[in-house]
1. Give me the pairs: first residue in segment 144-161 and over 17 Å from His188 (Cβ atoms) and surrounded by fewer than 16 Cβ atoms within 10 Å (Cβ to Cβ), second residue among the hydrophobic types (A, V, I, L, M, F, W, C) and at pLDDT below 80, beta-carbon distance under 9 Å, and six or more apart or on different chains, which are they?
2. Taking helices (runs of 4 or more DSSP H) that do not extend beyond segment 165-280, which have at least 1 residues that are under 24 Å from Pro54 (Cα atoms) and free of Cβ contacts under 8 Å to residues at least 60 places away in the same chain?
3. Return the residue satisfying two criteria in turn: it lies in segment 205-227 and is surrounded by 14 or more Cβ atoms within 10 Å (Cβ to Cβ) and not hydrophobic (A, V, I, L, M, F, W, C), and of such residues it is nearest to Ile322 (Cα to Cα).
4. Do we have Ile237 as of a type in the set (A, V, I, L, M), open to solvent by less than 50 Å² (accessible area, probe 1.4 Å) and farther than 21 Å from Val61 by Cβ here?
5. Please verify whether segment 159-175 includes one or more residues that are more than 30 Å from Arg82 (Cβ to Cβ), of a type outside the set (S, T, N, Q) and at pLDDT 75 or above.
6. Going residue by residue through segment 98-107, is there one that turns out to be part of a helix (DSSP H, G or I), open to solvent by less than 50 Å² (accessible area, probe 1.4 Å) and at pLDDT 75 or above?
7. On the given criteria, is Leu70 under 16 Å from Val268 (Cα atoms), open to solvent by 60 Å² or more (accessible area, probe 1.4 Å) and either within 27 Å of the chain's Cα centre (by Cα) or of a type in the set (Asp, Glu) (or both)?
8. Of all residues in segment 176-204 being of a type in the set (Lys, Arg) and open to solvent by 30 Å² or more (accessible area, probe 1.4 Å), which is modelled with the lowest pLDDT?
Amino acid sequence: MNVRRRPARRSAPEPAPPKRARAPRQTAGARLGRWRDHHLYGLLSSLGRLAVRPLATVLTVTVLGVALALPLLLQAALDNLRAFSGGLREAREITVFLDPDVAAAAAAEIAAGWRARPDVAEVIVRTPEQGLAEFRQLSGFSEALEVLDSNPLPTVLVVAPAGAAAEGGDGALVAAIEADARVDLVQHDAAWRRRLTAIMTLGERAAVALAALFGLATLLVVGNTVRLDVQSRAEEIAIMQLMGAGDGFVRRPFLYAGLWYGLLGAVVAILIVLAMHLALRDALAQLIASYGGQLTVRGIAPTALLATLAGGAALGWLGAWIASTRQLRRTA
């Protein structure tokens, strides 16, 4: 018995899976705008977190301001001291008192002879009459000087060294002047000027060392503050990491918080220095005027202001980066 077999049904082909729509490619401008929005949000949100706890923020910023103000005050003091002593340090003249018996014509010949020396730039002749008029003006004893029968002051020659002598190698010139028999006294304070220069150099190096020391203190204060902030938000950070947030995204608000701490601390430091300047300006000017000097007390230079703001912000950012990176590695 022949049995006819039915042909097997062919199964219908499975429909092809639908093609996924490709996400539109973002342009460089869109990526830049998203990057800008993220950083702007981190900048403003970190400032809002600082405003939520005003007492802790004010204490931290005040400590940073005092730490940054101390080297700034020392630098301002050195600038004023440099302005006050600049004329003394730059004055290279040699004051020569001639013998009282030397006449005016002989003094002019002496000056002409010294001008011919290669190590002399200029020789200024001050007559006894000029010296007496200057002494009467500066001393305040004009009435007492009227009783004098004659002028007791000698002719004075002011010798300005030239070349290597003006840079401190003026020993040979001074020795040659002192060897002249017509010279009664030579006044040359080169040793005192060298000491003053050494003191100013020491002060400048001390200001740099103090700035480095208090910069390190600023770094540590900001780092410790940010570390405590990271620890207090450990659960929030853990949830963000579970949702796929990278370390850069988690770290960004803390970096901006450190920047705000450093920047606000620099502003407080500048305010402290300005307050000290206003408080001491008049009293210092009166003290210097009592000694017959004139000095305009200088404040903070614009470059120093910008350097303080930039340095405070950079130190705050760096301290926050170190602290947040270390804490995120521990929680990873």
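The values are calculated or read from the model by the stated rules, or taken from the named source; none is laboratory data. No experiment lies behind these values; they were computed from the predicted model shown. Because the Cβ atoms are built from the backbone with ideal geometry, glycine has one as well, and the counts that use them run over all protein chains shown. In case anyone asks, the SASA skips ligands and DNA or RNA and just uses the protein heavy atoms, side chains included. Shrake-Rupley method; radii C 1.70, N 1.55, O 1.52, S 1.80 Å.
1. Leu145/Leu132; Leu145/Phe135; Leu148/Leu132; Asn151/Leu132; Pro152/Leu132
2. Values: elements: 171-178, 190-232, 234-242.
The qualifying helices (runs of 4 or more DSSP H) are 190-232, 234-242.
3. So, considering only residues that are surrounded by 14 or more Cβ atoms within 10 Å (Cβ to Cβ) and not hydrophobic (A, V, I, L, M, F, W, C), the one nearest to Ile322 (Cα to Cα) is Gly223.
4. Details: of a type in the set (A, V, I, L, M): yes; open to solvent by less than 50 Å² (accessible area, probe 1.4 Å): yes; farther than 21 Å from Val61 by Cβ: yes.
The answer is yes for Ile237.
5. Keep residues of segment 159-175 that are more than 30 Å from Arg82 (Cβ to Cβ), which gives 175.
Narrowing the set further to residues that are of a type outside the set (S, T, N, Q) leaves 175.
Then drop every residue that is not at pLDDT 75 or above, which leaves 175.
Yes: one or more hits.
6. Within segment 98-107, the first condition is being part of a helix (DSSP H, G or I), and the residues that meet it are 104-107.
Subsequent filtering for residues that are open to solvent by less than 50 Å² (accessible area, probe 1.4 Å) retains 106-107.
If we keep only those that are at pLDDT 75 or above too, we end up with 106-107.
The answer is yes; a qualifying residue exists.
7. Working: under 16 Å from Val268 (Cα atoms): yes; open to solvent by 60 Å² or more (accessible area, probe 1.4 Å): yes; either within 27 Å of the chain's Cα centre (by Cα) or of a type in the set (Asp, Glu) (or both): yes.
Against the criterion (under 16 Å from Val268 (Cα atoms), open to solvent by 60 Å² or more (accessible area, probe 1.4 Å) and either within 27 Å of the chain's Cα centre (by Cα) or of a type in the set (Asp, Glu) (or both)), Leu70 qualifies.
8. First, pick out the residues of segment 176-204 that are of a type in the set (Lys, Arg): 182, 193-195.
Retained after the next criterion (residues that are open to solvent by 30 Å² or more (accessible area, probe 1.4 Å)): 182, 194-195.
Values: Arg182: 84, Arg194: 72, Arg195: 75.
Filtering first and then ranking leaves Arg194.
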